[in-house]
1. Cα centroids of segment 85-133 and segment 152-184: how far apart, whole angstrom?
2. What is the Cα centroid distance between segment 253-311 and segment 20-54, reported in whole angstrom?
3. With label points built 7 Å along Cα→Cβ from the Cα atoms of residue 177 and residue 287, find their separation and express it in nm.
4. What is the gain in length, in nm to one decimal, between residue 260 and residue 111 on full extension, counting 0.36 nm per residue of separation less the C-alpha to C-alpha distance?
5. For segment 1-63, what is one quarter of the convex hull surface built on the Cα atoms, given in nm²?
6. Lys/Arg Cβ at +1, Asp/Glu Cβ at -1, dipole of segment 130-254 taken about the Cα centre: which of 247, 135, 154 is farthest positive-ward?
7. Using 1/(1 + (r/R0)^6) with R0 = 45 angstrom and r between the beta carbons of residue 12 and residue 231, what's the FRET efficiency to the nearest 0.05?
8. To one decimal place, what orientation-averaged projected area in nm² is obtained for the convex hull of the Cα set of segment 213-287?
Amino acid sequence: MKRTAAHFLTRCFAPGETIALLLRRENPASATQRVVALEQALAPRYLAWLTHENSSGANIYVAANPLRSGSRKRTKECIASVRHLYIDIDNDGDMDIIAGNLGLNSRLTASAGQPVRLYVCDLDNNGKKEQILTYYLKGKEIPFATKQELERQIPSLKKRFLYAGDFASATLNELFTAEALQKADTLTADYFASTIFINNGDGSYRPQALPWQAQLSPFKDAVVLDANGDNLPDILLFGNFYDNNIQMGRYDADYGTLLINKGRDSFAVSPFNGPAIIGQVRHVKPIQIGKTPALVLAKNDDSARIIRFSR
C-alpha cells in the first residue's frame, strides 16, 4: 500500500502543495480529516500510519484539488487550483467528476499496452540526468525527440549513429542500455481522454470519455450551467495550450465547448452560441453584472474576457 500511495500522490500533486485526506470507517461510522503538505503525507511514518488505518478497516480518500498553503479545512474557498470539477451529472445525489486531460488530437497517443513514458536518469554517465520522452509508433517504443535534439543532450549518440536511417531503425534498447533504462525514474501515462467519472455510490467511479468533439484540445477549466432550461447540469469547457515545440505543434482547436446533458450519463456537443473564444483559457469563474449572470475568462499571456451566457 505504501508504494502505491506514494506513487499516486506524487503523480497527482506537485512538491509543496497542500492536500486533504479523509479516512472513513463504516462500522462503527466515523470520519477523520487531515490537511497536510504533500511532503508530510509522503514521509515513511505517515505512510505507515495510513497503511495501518487502511488495514484496520478505514477507506482513505484524497481530495482531487490541492488546497491553499496554510489551509486547515477542505472548503471551496480553500481550493488553490481546480484540476477536477465536481458535479452531480445524473441527479442521483452523489458527486461525479469532470477531469480535463490532454485530449486525443495529439501526436502522442497512449493506451495501457502502449503508454507514453518519461525516463529520467544519467544515460551518458556525465553526472547529469537526462529526460527521455518515448511513445509507440507501429508497435515500437521510440524517443519523441529528433536525432539532432538527442545528440545535443547525449553527444555520444552522434558517433554511434552516423546516419539518420540507422537512428530511425534502432530500438530503444539499442539507443540506450537496458540497464540504464531499468535504473531510470520512469513516469507513465496511458490515458489522455478528457473524461467524466460517474460515481457508483460505493466509493468507486466509472470512467466515460467525453464526445470526440471535446477531445480536440486540452481542457483547463469548466463551469456548470443549465444551458437549455431542462434542469440537467450542462458543462462549458475551455482550454488550449500553445507552448509546445515545433514537432508537437500548439493545441489551439478549442473555442469554447458546450456539452448538453442528455440524461443517462450522456452528453452531446452543442455549437457555442457566441463569438469564438480564441486563446489559452486557464480559469473561468461565474460573476454577476447587475442582475445578469456572466463569465470571466482568464487567459494565459492575454487579456481577460467577459462573456454573458443566455438561452
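Every number here is computed from the coordinates shown, using simple stated rules; none is lab data. What you see is a predicted model, and the numbers here were worked out from it, not measured in a lab. Virtual Cβ from ideal backbone geometry, glycine too; neighbours counted across all protein chains shown.
1. 25
2. Here the two parts' Cα centres lie 37 Å apart.
3. About 5.9 nm separates the two model spin labels.
4. On the way: separation 149, 0.36 × 149 = 53.64 nm, distance 2.79 nm.
Residue separation times 0.36 nm, minus the Cα-Cα distance, leaves 50.9 nm.
5. Working: hull surface 15.3 nm².
Computing the convex hull of the Cα atoms and averaging its projections yields 3.8 nm².
6. With unit charges placed on the Cβ atoms, the residue in question is 154.
7. Values: r = 33 Å, r/R0 = 0.74.
In this case the efficiency is close to 0.85.
8. Details: hull surface 22.6 nm².
That works out to 5.7 nm², a quarter of the Cα hull's surface.
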